[in-house]
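First comes the structure, then the notes that go with it.
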Amino acid sequence: MGSGASRQERGQALARAAARRLFDLAVVMVGVATVVFLLLRAVPGDPVLILGGLDTLDRDVIARARAEMGLDRSLVEQYLIWLGNMVSGDLGRSLRSGVPVTDLILRAMPPTFQLGIMALVIGMVISVPLGVAAARRAGSPADLGITVFAILGISTPPFVIALGLVYLFAVEFRLLPVAGYVAFADDPAGNLRAMAMPALTLGLVTGGVLVRMMRRSVIDELGEDYVRTARAKGVGETAVVYRHAVRNAAIPYVTILGLEAGVMLSGAVITETIFAIPGLGRLMIDNINARDYPVVQGTVLVVALVYVLINAGVDGMYRLLDPRVRAGAAR
Amino acid sequence: MPSSGAVTGGRGALVTAPALAVEGLTVGYGRAAPVLQSVTLTLPQGETLGLVGESGSGKTTLARAVVGLVAPTAGSIRVFGADIAALDRAGRALLRRRVQMVFQDPYTSLDPTMTVGEAVAEPLVVHGLGGRAERAAWVDELMRLVGLDASIAARFPAELSGGQRQRVAIARALAPAPALVICDEPVSALDVSVQAQILNLLKRLQRELGLSLLFVSHDLSVVRFLAQRIAVIEGGRIVEDGPRVAVLDRPQHPYTRALIEAARLRARPAGG
Amino acid sequence: MTAPAPALSVEGLRVAVGPPGRGRAVVGDVAFAIPPGGRLAIVGESGSGKSMTALAVAGLLPRGARQTAGQIALGGRIVDPAGPGMARIRGREIAMIFQDPMSALNPVMTVGAQLVEAIRAHSAMSPRAARARAAEMLAAVQIPRPAERLDAWPHEFSGGMRQRVMIAMALTHRPKLLIADEPTTALDVTTQLQILRLIDGLCREEGSALMLITHDLGIVEGFCDSVVVLYGGRMMEAGPVAAVLGRPRHPYTRGLMATIPPLDRDVDWLDPIPGEPVATPAADAPGCPFAPRCGLAEARCRTVTPAWRPAGSKVAASCHLLAPSPAGGGLS
């Protein structure tokens with residue numbers, strides 16, 4: 001029984017769970033690194049030729065460039081070197097600019113994370129009240145309206161939403177800049193103005209998914225026996241919905257929220273390109289086109305790491321929301 | 001009426017051995033207390049043994065061990081004299097054919113995508129018994145045997161009532177002509193007026209086919225109706241075991257007495 | 001001298017499911033009364049309408065079901081169970097416990113929080129005082145170390161313990177009426193007895209009337225003083241327990257009694273009622289709903305709904321075969 005376990009026992013169980021998580025993380029990261037390494041090598045196109053242009057370089061120059069980049073070694077050697085460096089935190093240097101990959105990534109991370117967090121917050125702010133309202137009035141015109149809105153959000157491609165927002169806010173009302181990025185530290189107001197439309201673009205898509213999820217979960221929970229018990233006690237309807245149904249509906253909602261946070265990272269590729277934001281998405285696209293292996297590898301690795309951390313975060317949320325999960329971990 | 005021996009190829013050779021002899025059976029998982037502790041039981045051929053216990057008593061684990069779904073930690077299980085731990089491949093296949101189970105919930109124990117006829121014939125297909133025409137004829141016969149109209153064979157479980165489904169489950173269990181049938185709470189999910197039909201059916205089948213029944217239940221009056229012997233299980237141990245009348249009318253163990261007192265609640269009111 | 005107003009009186013209750021106008025009645029013309037502190041059993045199989053009757057009285061009918069006719073009065077005062085005022089009555093004047101204690105408690109709230117919620121729904125008690133009262137209630141339902149158990153989660157409790165918590169929540173405001181819908185069906189036999197005795201004892205202490213919904217005639221005999229037998233959403237027979245079970249008049253009640261295997265003697269065969277109860281009755285269709293399964297049914301049983309008529313001292317039933325002579329003819 002959960003309550004029977006002492007504090008110390010539970011602490012130990014938690015430590016074991018954390019250790020298991022860390023080990024899982026390492027395995028996932030090495031796996032991702034290996035797959036990315038192999039995939040990039042399988043894509044046709046020689047980085048040296050793309051960098052220099054096909055005609056301008058003679059054989060010696062090419063050979064020297066290849067040696068400098070380590071591309072003359074065997075695949076296994078390249079792999080082991082890359083793996084060893086990765087473990088020590090060195091992701092190599094860009095083939096094109098020679099800048100350390102870590103620097104490039106660290107510079108690209110803030111805009112992407114800001115975009116992702118803003119979009120998620122927008123998605124949650126939209127989805128919780130709308131989803132609950134739709135569930136309470138399931139089958140009514142209001143429910144239908146909310147559902148149509150949600151499906152529009154899900155099924156409209158992000159670039160269409162983006163273009164619509166640009167037309168509305170930048171062209172028609174001239175409230176926001178068309179594109180561009182300013183760091184928050186340099187100009188907070190300008191930063192928020194620049195990020196508003198990209199965040200809204202992603203937020204509407206995610207919000208659509210989350211509204212559907214919240215509606216379905218709350219409808220399911222409202223049909224549960226414990227909700228009937230709460231009503232039988234004479235608890236008011238608002239408390240029945242929020243204290244009972246929504247609290248239980250939060251458990252599946254958080255699962256989808258975690259998935260959506262992951263989807264954010266891929267959504268960022270398109271959104272950042274449209275709005276010219278120098279984030280991880282742009283960094284990846286630009287360098288895939290240039291066959292800049294170390295940069296692409298590094299970026300993918302960081303994205304994978306974020307995915308894993310999001311998953312760990314979702315698990316943590318479960319423990320917070322569901323006492324049965326806490327009991328399961330303590331056993 | 002086809003005898004169960006017709007398909008199994010005769011039970012004559014093992015006529016003297018009990019249908020089920022469990023000796024010192026212990027089943028445990030890890031360091032936790034064993035689910036079953038030195039359980040010893042005997043079910044003579046052609047009789048019904050009622051195994052009575054509450055949830056968590058280990059009665060379902062015992063039933064599962066007999067069909068080989070749970071491996072014992074210690075002790076032996078003999079079915080018609082054969083130690084099931086020592087069986088070879090062919091022996092295990094024969095065991096799976098001659099020992100069948102009927103479960104509590106007729107709503108979940110039938111595959112919703114199979115027609116009733118397919119579900120009843122499935123064990124025959126699995127064990128490679130009979131040709132297509134023979135199987136169809138046998139399914140017809142089984143449907144009649146359990147009191148269902150043969151036309152029901154073409155329907156799906158969702159179209160049937162709870163009692164009809166349990167009849168189908170019984171027909172399915174009887175399909176490979178088993179000699180030992182294990183019923184795990186087969187009437188507790190049914191309406192009271194339907195329970196009696198299924199209980200009568202089980203008693204009639206047991207007599208007509210010479211079946212040996214292990215009847216697992218929490219309900220003493222149901223067990224009294226069906227069983228010659230009663231074993232009471234609590235916390236993984238058999239606390240009382242004996243002829244029906246002795247156990248019910250002169251219970252020795254306090255737990256059996258508590259069960260009987262509780263069962264008076266559910267029993268037929270005195271006026272009836 | 002007039003008798004005190006009944007704790008609950010139900011007249012002409014009709015419940016329908018499905019879209020308005022095209023709905024199907026699942027409860028038809030159900031009427032009964034429970035005196036203050038009285039104990040009524042409503043007995044039936046699946047599709048009898050027994051749970052729907054209970055839920056209609058408490059105003060807790062599920063989505064898609066609604067009361068289409070009838071009058072419900074609590075302590076002589078007519079109430080509208082589906083109306084907005086019912087939240088003030090539920091939990092205070094009418095309380096309810098349900099069949100499945102595993103799902104009836106909110107899994108993400110502590111037992112204490114759920115008890116406190118029930119207490120504070122109808123009183124201005126401070127959270128601290130409510131917590132102290134919650135511990136008292138747990139003690140009243142014989143949960144050991146009640147103060148500690150307030151912080152436990154429902155999943156840490158067994159089925160019987162959870163049902164005790166449900167009872168504690170239900171009785172916290174000393175309701176005039178406790179509705180118990182199959183309160184022991186999901187429990188082990190030995191636990192069933194403990195829970196029934198607990199309900200019985202606490203109802204006596206608090207003076208609450210009890211409406212026990214069950215499929216189990218055995219329970220009725222031990223714990224109730226009157227009984228209503230439902231089939232297909234309609235009343236078959238009703239009266240004092242001793243009279244109805246001692247000498248059942250209606251063929252359905254008789255059949256139901258005969259179908260239960262006796263515990264104290266051996267019988268070779270049971271006498272089952274043929275066929276099965278209809279899971280989705282049409283309680284407004286003409287004829288007796290039991291006619292298709294009744295061995296005594298005549299032509300009129302299938303076409304004419306039998307009237308509700310006295311069938312002995314304080315007993316009434318609806319069966320054509322009881323009609324012929326008032327002097328104990330027919331089946332009586």
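The values are calculated or read from the model by the stated rules, or taken from the named source; none is laboratory data. These numbers were taken from a predicted model, which means no experiment stands behind them. Note that each Cβ is placed from the backbone with ideal geometry, even for glycine, and that neighbours are counted across all protein chains shown. Surface accessibility is based on the protein's heavy atoms, side chains included, excluding ligands, DNA and RNA. Shrake-Rupley method; radii C 1.70, N 1.55, O 1.52, S 1.80 Å.
Roughly how large, in nm² to one decimal, is the mean projection of the convex hull of the alpha-carbon atoms in the range A:104-322?
Reported value for the Cα convex hull: 14.0 nm².
Scaled against 2.2 N^0.38 Å for its residue count N, the alpha carbon radius of gyration of the protein assembly as shown is 1.19. For the range B:149-224, the square roots a ≥ b ≥ c of the C-alpha gyration tensor eigenvalues yield an a/c of 1.5 or more together with a/b not exceeding b/c, which makes the shape oblate.
The range B:166-272 gives an Rg/Rh value of 0.97, both radii derived from C-alpha positions and Rh following Kirkwood.
Evaluated at q = 0.13 Å⁻¹, the base-10 log of the normalised Debye intensity for the range B:40-89, with identical point scatterers placed on the Cα atoms, takes the values -0.34. Given +1 at the Cβ of Lys and Arg, -1 at the Cβ of Asp and Glu and no other charges, the dipole of the range C:121-179 around its Cα centre is 200 debye to the nearest 20. In whole percents, the pair-distance distribution calculated for the range A:144-190 from its alpha-carbon pairs, binned every 10 Å from zero, is 23, 33, 32, 11, 1.
Comparing mean-square fluctuations of C:ASP225, C:ASP80, C:ASP266 from a GNM of chain C with C-alpha springs under 10 Å, the top value falls on C:ASP266. Working from Cα pairs under 8 Å separated by at least six residues, relative contact order for the range A:104-322 is 29 percent. For chain B, the Cα gyration tensor yields ellipsoid semi-axes of 29, 24, 17 Å (square root of five times each eigenvalue, largest first, whole Å). Summing charges over all other residues whose Cβ lies under 13 Å from the Cβ of B:ARG250, with Lys and Arg as +1 and Asp and Glu as -1, gives -1. In the Gaussian network model of chain B, springs joining C-alpha atoms below 10 Å, which of B:ARG31, B:ARG144, B:ARG207 carries the largest mean-square fluctuation? In the Gaussian network model the winner is B:ARG31.
Thinking of chain C as a set of Cα atoms, what percent of all their pairs are more than 27 Å apart? Kindly include the intermediate steps, with their values, before the conclusion.
Values: 25864 of 54946 pairs.
Roughly 47 percent, rounded to a whole number.
Taking a probe of 1.4 Å and counting only protein heavy atoms, give the total accessible area buried between chains B and C in Å², rounded to the nearest 100. Summed over both sides, the interface buries about 3600 Å².
Could you work out how far the C-alpha centroid of the range A:214-253 sits from that of the range A:83-119, in angstrom? Cα centroid to Cα centroid, the span is 44 Å. Here chain C is treated with +1 on each Lys and Arg Cβ and -1 on each Asp and Glu Cβ, and its dipole about the Cα centre works out to around 980 debye. Largest to smallest in accessible area, the residues C:THR68, B:THR73, B:THR48 fall in the order B:THR73, C:THR68, B:THR48 (1.4 Å probe, all protein chains included). Averaged over peptide B:186-194, the number of partner chain Cβ atoms lying within 10 Å of each residue's Cβ comes to 6. Ranking A:LEU257, B:LEU259 from most to least accessible surface, computed with a 1.4 Å probe over the protein chains only, gives A:LEU257, B:LEU259. Ordered from largest to smallest accessible area (heavy atoms of protein chains, 1.4 Å probe), the residues C:THR280, B:THR60 come out as C:THR280, B:THR60.
Interface A-C: total buried accessible area of about 2300 Å², 1.4 Å probe, protein heavy atoms only.
Exposed loop sites here mean chymotrypsin sites (Phe, Trp or Tyr not before Pro) with a DSSP loop assignment and at most 15 other beta-carbon atoms within 10 Å; chain B contains its longest site-free run at B:108-272. A cut-off under 11 angstrom between Cβ atoms defines the neighbours of C:GLY312, and their net charge, with Lys, Arg +1 and Asp, Glu -1, is +3.
Take every pair of alpha-carbon atoms less than 8 Å apart whose residues are at least six positions apart; their mean separation over the length of chain B yields a relative contact order of 26 percent.
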